[in-house]
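All remarks here apply to the structure that follows.
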Amino acid sequence: MKYVGIGIPNVDVLEKVLGQARYGADLPSESPLHLKVVRSTKPHAKIVEILTEEALCISGVERIFTAKDIPGRNLVGTITKDQPVLASDRVRYVGEAVALIAAENPEASEEAAKKVIVIYEDLPHVTSPEEALSIDAPLIHEKGNLLLEFHLRKGDVQTGFKEAEVIIEETYTTTWVDHAYLEPDAGLGYIDEEGRVTVICPTQNVHYDQKEIASLLSLPLEKVRIIQSTTGGGFGGRLDLTVQGFLALATFHLKRPVKLIYTPEEVFQVISKRHPLKIRYKSGAKKDGTLTAVEVDILGDTGAYASYGPTVCIRSAIHATGPYKVPNVKVRSRMVYTNNPWSGAMRGFGVPQIAFAHESQMDILARVLEIDPIEIRLRNALQVGYETATGQPLMASVGIGETLKKIRIFTEEARGGRKDESREPKIKRGIGVSSMWYGIGYTGIANPSTAQIEIHPEGEIRLFTGVADIGQGSNTIALQIASETLGLPPDEIQLIHADTGFTTDAGPTAASRQTYISGNAILRASKDLERKMIKEASRLFGIGENDLFLEEGKIKSRRAPRISIPIKEIAKRCGTVIRGEGTFDPETTPLDPETGKGVPYATYAFATHVAEVEVDMETGKVKVNRVIACHDVGKAINPKNVIGQIIGGVAMGTGFALMEEFIPGKTTSFVNYLIPTSKDVPEVIPIIVEDKEPTGPFGAKGVGECALIATAPAIINGIADAIGKRIYRLPASLERVLEAIQKRKMKSP
Amino acid sequence: MKKILHFILNGEPVEMEIEPHLTLLQVLRDRLEMTGTKEGCGMGECGACTVLLDGKSVNSCIYPALEVEGRNVTTIEGLMNSRGNLHPIQKAFIEHGAIQCGFCTPGMILSAKALLDENPHPTEEEIRNGIAGNICRCTGYLQIIQAIKAVSQKT
């Protein structure tokens, strides 16, 4: 292959390296109005009245909007529409939007926001899922505080635990994590040349945004246009609406350009978070390490609004076994509303949390049974032909065993390196292993993608995709796939992406799905164009279609090697645009509401990480020296980007393991929300396994979220190896590690 | 009361009238419409706003504009040479896959330049320290470190 499998630089790097890329706050506009959102100071309250008179008197203030100004449905949400763009009668978390100021300059809009008086009547508020589920808990939403309860059953766990020779039962807790993308949410609204309400801003899904805005403004879809600006990271935080609703509402009413830039503090306060999960996990195994049963209870806090709560609830349950053969499985997963900050999509949709639990359990079993941590995982690893806990038989591309085998040599090497630890007695070294699996795409529901590629008589080739590239490189991968099919270099294909004015729905940049699903749509569109070009060539030159094939951008004949006509030449002779179209929707089935049975994902990615850590026994400080990260991605369309995802994922996983903790009411910015810096990140050895997925484009699956999932449990297992005590609550901060060390001293190990 | 500010921006003299409370970042982005320099955290924590002041890296989001009077400011827009060639650090960032979302990139490149101008052959630890004030959420830094190392080895 000439273009697929090659680590070409991303197509947008030049403008980024020159500082020319336009992010949300960089967009030029002629004298826009400046918007500012007035936000709730109460966790739960009735809105009695919103007084705007004083604010309206400030010079430069053009208009103040409240929920009353929303002409359509004032409820948004990707799964459950329960979140108002502007609160109407009630606020459910601190930071909820209540009013929107439009003014001639940012100073006036800020000043006015301070002068808007909201009269509240306090309601009792709920700060934990346990409290939310109590009988006398105040209702956060009318239908009750339980957003969703999901069950998964396979075999009979009672029998499974009877067969077990060892049973381990523990509770694992994770907390809120911020996406901490660097670019504050910002954007521009205007009426475009075709009269459409247009919003340009960072986003992970322009077509979802378009539907929500059309519904909010009660406009037909074609009257709304969303364009993705260069996006400074996403990680799930830009799957829900951020600035779109405000920009669209103001543009709709004022019919002039409007600009909104969130303050960095506002981003921390109001963008979704990773769901805190509390996981009770019971594992049963034979003496040889073979799992006989797992029983898992998951309780999640979705905060004030549903967002991706249902997804996290179901996905964490489905992935609860880890990438292992477990004959008897029982999982209950509940997602609950509280008045805490709302949680949504964040890189992994609950799988990083559940992996922390199942991999800690696996590590405990290995220790108790005195089996090597790689060996115990290999004995249980999923294989082709095995039925997962949802009853899905795995048909192909199950590379978990391969990742374990490939990584084994590194654990042996790392153990060798531990021997010199006695040189500095206060430093203890440890090695941790962790594996993961991740279902590509949305869970048990249709999540199609579409793409088109056209060739114009002038020779121009245009590829259309609705995919939002958020820095991971999907634009480059789209071009590589089209290039491979047509045999033309990427720079001969013009890419039009993530603009609802020109592109069709590709679904979200989420669930590690774009390479597999949109990649397939692009592949199919390119193949469709290939067929049409052959047909045209056959017509033009009077040669049978079966004799013709496409190679290096030319239609060639098998029987007459002299014939070699560039497709651009064929397009010129045809005189019309020739267009290839492709759609792809992975084959899944809905999950049974009682048992969770079904086919949630068409394919799964797998990985194993090994972390080498050292713990300072006096301070509790953990240093991760090296992470070996072995990923089965099916096929790396762009190995450089795959490695980029892996190394970036390891960094984010290191933060998840050791330092990241959003504390509601206390965390305000990067000053008190610490993420890994260049001094904190470990050396990473990325290893790519390509167990090809037959349904994937050139065999590809996905890697975006997978990159992060195995890191934190590998580090936590490494800490346990070093200090002989285990951390059950993330992050493993200095205090928690020190506490574990001190417990160890009290009770000799 | 507005004040007159003179400074050299990417080699060109600039004279402008500004409100004395403005930061260097506000002057660059809002007044001169040079948006290559980014505002991330607005409080000097993330490094996205890094520019060079007389060759040293500063966080322009907290740097008072009047303090640059008479001094040399270099932003990402001024890094290409007069013949339109990329700076070796820009090239290395592309070659080593050191850019994902790219929001930290301008600041990161300028921090790297400040580091290499002062210490052309830094150790890995010196590189890690040199860019420790620049947060990147996407890449995990290693490709950035490799890119800087590669530039240092070529000189």
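The values are calculated or read from the model by the stated rules, or taken from the named source; none is laboratory data. Worth saying up front: this structure is predicted, and the values here are computed from it rather than measured. When we count neighbours, we look across all protein chains shown, and the Cβ atoms used for this are built from the backbone with ideal geometry, even at glycine. The area values use the complete protein model at the heavy-atom level, side chains included, leaving out ligands, DNA and RNA. Shrake-Rupley method; radii C 1.70, N 1.55, O 1.52, S 1.80 Å.
Near residue A:7, the amide H atoms lying under 5 Å from its own belong to A:640; only residues 5 or more places off or on other chains count, and H is placed 1.01 Å from N. Here the Kirkwood formula puts the hydrodynamic radius of the range B:3-78 at 12.0 Å, using every distinct Cα pair.
Placing +1 on the Cβ of every Lys and Arg and -1 on the Cβ of every Asp and Glu, with nothing else charged, gives the range A:485-555 a dipole about its Cα centre of roughly 240 debye.
For residue B:127, what is the net charge nearby, where nearby means another residue's Cβ is under 11 Å from its Cβ and Lys, Arg count +1, Asp, Glu -1?
Numbers: positive: A:679, B:128, B:149; negative: B:124, B:125, B:126.
Result for the neighbourhood of residue B:127: 0.
Given charges of +1 on the Cβ of Lys and Arg and -1 on the Cβ of Asp and Glu, with all other atoms neutral, how large is the dipole of the range B:3-78 about its Cα centre, in debye to the nearest 20? Numbers along the way, then the final one.
Values: 6 positive and 12 negative charges, 35 e Å.
That gives the range B:3-78 a dipole magnitude of about 160 debye.
Scan chain A and note any complete DSSP helix (H) whose C-alpha atoms cover at least 27 Å along its axis and whose Kyte-Doolittle average is -1.0 or more.
Values: long enough: A:519-541 (32 Å, -0.47); A:639-658 (28 Å, 0.94).
Membrane-span-like by this rule: A:519-541, A:639-658.
Taking R0 as 51 Å, what's the FRET efficiency between residue A:424 and residue A:149 from their Cβ-Cβ distance, rounded to 0.05? Spell out each step's value before the answer.
Numbers: r = 50 Å, r/R0 = 0.99.
Once rounded, the FRET efficiency stands at 0.50.
In this structure, the amide hydrogen of residue B:139, modeled 1.01 Å from its nitrogen in the peptide plane, lies closer than 5 angstrom to no residue at least 5 positions away or on a different chain. Where q = 0.11, 0.12, 0.14, 0.17 Å⁻¹, what log10 of I(q)/I(0) comes from the Debye formula for the range A:231-349, counting one point per Cα? Evaluating at q = 0.11, 0.12, 0.14, 0.17 Å⁻¹ gives log10 I(q)/I(0) of -0.52, -0.58, -0.71, -0.89. Summary value for chain A: 15 percent relative contact order, contacts being C-alpha pairs under 8 angstrom separated by 6+ residues. Close Lys pairs in chain B (alpha-carbon distance under 15 Å; sequence gap of 8 or more, or different chains): 6.
In whole percent, how big is the carbon plus sulfur part of the accessible area of the range A:449-584, probe 1.4 Å, protein atoms only? Carbon-and-sulfur percentage of accessible area, whole number: 47.
To the nearest 10 degrees, how steeply does helix B:142-154 sit against the main Cα axis of chain B, on a 0 to 90 scale? Once rounded, one gets 90 degrees. All other residues whose Cβ lies under 12 angstrom from that of residue A:527 are scored, Lys and Arg at +1 and Asp and Glu at -1, for a net of -1.
I'm a student and want to see the number: the projected area of the Cα convex hull of the range A:395-545, averaged over all directions, in nm².
On the way: hull surface 61.2 nm².
Its Cα hull, projected and averaged over all orientations, spans 15.3 nm².
Solvent-accessible area lost on pairing A with B (1.4 Å probe, both sides summed) amounts to about 3600 Å².
For the protein assembly as shown, what does the convex hull of the Cα positions come to per residue, in cubic angstrom? Provide the component values of the computation, followed by the final result.
On the way: hull volume 163.8 nm³, N = 904.
Convex hull volume per residue, Cα atoms: 181 Å³.
Rounded to the nearest Hz, the phi-derived 3J(HN,Hα) couplings of the range A:189-194 under the Karplus curve 6.51 cos²θ - 1.76 cosθ + 1.60 (θ = phi - 60°) are x, 6, 8, 7, 4, 9, where x marks glycine and proline. Taken about its Cα centre, the protein assembly as shown carries a charge dipole of roughly 2080 debye when the Cβ of each Lys and Arg holds +1 and the Cβ of each Asp and Glu holds -1.
Take each of the peptides A:686-696, B:8-18, A:530-540, average the number of other beta-carbon atoms within 10 Å over its residues, and list them starting from the highest. Please list the in-between numbers first.
Details: A:686-696: 19.9, B:8-18: 12.9, A:530-540: 18.4.
Descending packing order for the listed peptides: A:686-696, A:530-540, B:8-18.
Here is the link list: A:115/A:255; A:36/A:259; A:426/A:743. Which ones come out longer than 21 Å on Cα distance? Present the calculation step by step, with values, prior to reporting the outcome.
Working: A:115/A:255 25 Å; A:36/A:259 9 Å; A:426/A:743 16 Å.
As for pairs spanning more than 21 Å Cα to Cα, those are A:115/A:255.
Within the assembled protein chains, the solvent-accessible surface assigned to residue A:57 is about 110 Å², based on a 1.4 Å probe.
Computed from the C-beta positions of residue A:562 and residue B:154 and an R0 of 51 Å, the FRET efficiency is 0.60 to the nearest 0.05. Solvent-accessible surface (1.4 Å probe) assigned to residue A:656 amounts to roughly 10 Å².
Between the beta carbons of residue B:86 and residue A:460, assuming R0 = 25 Å, the FRET efficiency works out to 0.35 to the nearest 0.05.
Seen against the Cα atoms of chain B and their longest principal axis, helix B:105-118 is set at about 80 degrees. Counting protein heavy atoms only, the range A:618-730 has 54 percent of its accessible area on carbon and sulfur, 1.4 angstrom probe. Label-to-label distance for residue A:166 and residue A:492 is 6.1 nm, based on points extended 7 Å past Cα in the beta-carbon direction. Taking only protein heavy atoms and a 1.4 Å probe, the accessible area of the range B:88-154 is 49% carbon and sulfur. Remark on residue A:301: its backbone amide H falls under 5 Å from those of A:336, a criterion applied only to residues 5 or more positions apart or on other chains, H modelled at 1.01 Å from N.
Of the residues in the range B:93-114, those shielded by at least 40 Å² of accessible area once partner protein chains are present, compared with the chain alone at a 1.4 Å probe, are B:94, B:99, B:100, B:101, B:103. For chain B, the solvent-accessible area with a 1.4 angstrom probe is 42 square angstrom per residue.
Taking every Cα-Cα distance in the range A:524-634 and sorting them into 10 Å bins from zero, the calculated P(r) comes out as 11, 23, 13, 15, 18, 11, 6, 3, 0 percent.
Here the Kirkwood formula, the inverse mean of 1/r across different C-alpha pairs, assigns chain B a hydrodynamic radius of 15.7 Å. With protein chains left intact and a 1.4 Å probe, residues in the range A:31-123 average 44 Å² of accessible area per residue.
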